């Protein structure tokens, strides 16, 4: 039964089973039963299988999996078009009157977020993650390495390099689509609010 399901998964992914033999199916089963989270199995014809906690993820055509490398300065105030992605990030400034009443402020995964402008202002970069990144997630007690945060929150390995960051040097302001930094959040003492909108 397992072998039939795995064959069907590859067939649906690739359109055929060329190059896939019984030994490859057995290796996938072994990965499922004994492999550690993050383990990768490479199969013929550009097929890759990743184990991510309690699931297997199948990929085909590895050349298309590499995320676009992004490292771009954020424009204040206006729209930053991210090269070769179709993504844009818009920034604007708001006087802190009734900002706390805006629903999107309370949603971690919202594509619109708000920050204390006086704390954020400076050379802000839109980029992919890199070694040494640190993060103080909203409402957390301390700073942790981004890598540990991603692992603790079970964010898939292949997703991690595709997540965009709004960062100030090595310190993350916003892990786009996930969480903002507690250090840059809006408080009752905030005078001006930086609104950042992510658009695809």
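The values are calculated or read from the model by the stated rules, or taken from the named source; none is laboratory data. Computed from a prediction, not measured in an experiment: that's the story for all the values here. Reconstructed Cβ throughout: ideal geometry from the backbone, glycine too, with neighbour counts over all protein chains shown.
Has segment 45-68 got any residue that is exposed (fewer than 13 other Cβ atoms within 10 Å of the Cβ), outside the structural domain of residue 190 (by TED's automatic domain parsing) and either part of a strand (DSSP E or B) or at pLDDT 85 or above (or both)?
Yes, that holds for at least one residue.
In segment 1-20, which residues are surrounded by fewer than 11 Cβ atoms within 10 Å (Cβ to Cβ), outside any helix (DSSP H, G or I) and either outside the structural domain of residue 54 (by TED's automatic domain parsing) or free of Cβ contacts under 8 Å to residues at least 24 places away in the same chain (or both)?
Listed by number, the residues that qualify are 1, 15, 16.
Any residue at all in segment 91-98 that's under 16 Å from the mean Cα position of the chain (by Cα), outside the structural domain of residue 25 (by TED's automatic domain parsing), under 22 Å from residue 185 (Cα atoms) and at pLDDT 85 or above?
No, every residue in segment 91-98 fails to be under 16 Å from the mean Cα position of the chain (by Cα), outside the structural domain of residue 25 (by TED's automatic domain parsing), under 22 Å from residue 185 (Cα atoms) and at pLDDT 85 or above.
Out of all the residues in segment 145-162, which are under 30 Å from residue 192 (Cα atoms) and at pLDDT below 90?
none
I'd like the full set of residues that are in contact with a strand residue (DSSP E or B) (Cβ under 9 Å, 6 or more places away or on another chain) and either crowded, with 16+ Cβ neighbours inside 10 Å or in a loop (DSSP other than H, G, I, E, B) (or both), limited to segment 28-44.
Those that are in contact with a strand residue (DSSP E or B) (Cβ under 9 Å, 6 or more places away or on another chain) and either crowded, with 16+ Cβ neighbours inside 10 Å or in a loop (DSSP other than H, G, I, E, B) (or both): 28, 31, 32, 35, 36, 37, 38, 39, 41, 43.
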